[in-house]
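Reviewing the structure listed below.
The values are calculated or read from the model by the stated rules, or taken from the named source; none is laboratory data. Keep in mind that what you see is a predicted model, and the values were worked out from it rather than measured. Positions of Cβ are generated from backbone atoms using ideal geometry, with glycine treated the same way; all protein chains shown enter the neighbour counts.
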Amino acid sequence: MSTPCNVVVLLSGSGSNLQALIDSIDSTSSARICAVISNRVDAYGLERAKAAGIATTALDHRQYESRESFDAALIEAIDAHAPHLVVLAGFMRILSADFVRHYSGRLLNIHPSLLPKYKGLHTHQRALDAKDTEHGCSVHFVTEELDGGPLVVQAAVPVNAGDSAVSLAERVHQLEHQIYPLAVHWFADQRLHLSSQGVMLDGKPLASTGYIFRT
């Protein structure tokens with residue numbers, strides 16, 4: 001196998017997408033999660049990482065005077081692991097422009113909506129309020145525009161009569177756990193990259209909607 005693709009995962013919460021990534025990696029995988037970093041010392045995702053033998057770091061953003069000083073410390077902590085890819089897995093911080101530029105082309109995020117719809121928070125309730133017939137999730141490269149970077153892959157579920165934000169979120173999470181590992185492995189296998197032509201998969205530009213994942 002070629003040199004592993006070092007992946008650093010950033011999270012703030014339970015780490016279910018981290019667990020999906022951990023579960024997707026075996027001895028044949030190019031991806032290697034070398035560290036998990038959280039801005040919350042009590043994030044359960046840190047426990048998931050420890051159970052898998054992955055190095056962990058907690059940086060409490062409240063201990064820093066500004067967003068920029070926190071992001072500078074975060075960059076230092078990430079770069080100590082020489083990452084090829086940084087994965088945002090429920091990292092509930094708006095990142096500074098300097099941070100995003102530092103990791104340009106190697107920073108992925110997953111968002112619980114069919115972007116460009118419903119950037120920001122409360123996406124499931126917003127989809128219900130709009131009476132959408134489908135909802136889903138999107139993996140994208142991160143740019144300075146919040147939830148606005150080039151799309152890599154999207155997956156959709158139907159919105160059922162009687163759905164609540166909770167029931168809809170549960171089904172979307174199941175898709176997140178499929179498409180995020182897919183995108184990470186594409187990157188680790190050098191099949192996926194961001195170029196001046198946009199998102200490239202296997203040497204061909206993806207459509208503006210990204211790859212449409214179908215179950």
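For Y211, only one of the following conditions fails: (1) surrounded by fewer than 17 Cβ atoms within 10 Å (Cβ to Cβ); (2) out of contact with any helix residue (DSSP H, G or I) (no Cβ under 6 Å at 6 or more places or on another chain). What is its number?
(1)
Which of the strands (runs of 3 or more DSSP E) contained wholly in segment 7-90 include at least 3 residues that are modelled with pLDDT of 95 or more, within 28 Å of H193 (Cβ to Cβ) and touching a Ser or Thr at 6+ places or on another chain (Cβ under 7 Å)? Even if it seems obvious, please write down each step before you answer.
Values: elements: 31-38, 55-58, 85-88.
Result: 31-38.
Are there any pairs with C-beta distances below 6 angstrom linking a residue in segment 42-70 that is within 12 Å of G15 (Cα to Cα) and touching a residue at least 12 places away in the same chain (Cβ under 8 Å) to a residue that is assigned to a helix (DSSP H, G or I) and of a type outside the set (K, R), with the two at least 6 apart or on different chains, and if so which?
G45/L18; R48/L18; R48/Q19
Every residue, every condition in (1) surrounded by 21 or more Cβ atoms within 10 Å (Cβ to Cβ); (2) within 17 Å of the chain's Cα centre (by Cα), yes or no:
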| site | (1), (2) |
| --- | --- |
| I22 | no, yes |
| Y64 | no, no |
| F70 | yes, no |
| L85 | yes, yes |
| R106 | no, yes |
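For D202, are the conditions met, namely being among the acidic types (D, E) and closer than 27 Å to I25 by Cβ?
The answer is yes for D202.
Can you run down the residue pairs with Cβ atoms below 6 Å, 6 or more apart or on separate chains, where the first is in segment 159-177 and within 12 Å of H135 (Cα to Cα) and the partner is part of a loop (DSSP other than H, G, I, E, B) and of a type in the set (S, T, Y)?
Correct list of pairs: V159/T133.
Does Y118 meet the test of being aromatic (F, W, Y) and in contact with a strand residue (DSSP E or B) (Cβ under 8 Å, 6 or more places away or on another chain)?
Numbers: aromatic (F, W, Y): yes; in contact with a strand residue (DSSP E or B) (Cβ under 8 Å, 6 or more places away or on another chain): no.
Answer is no for this residue.
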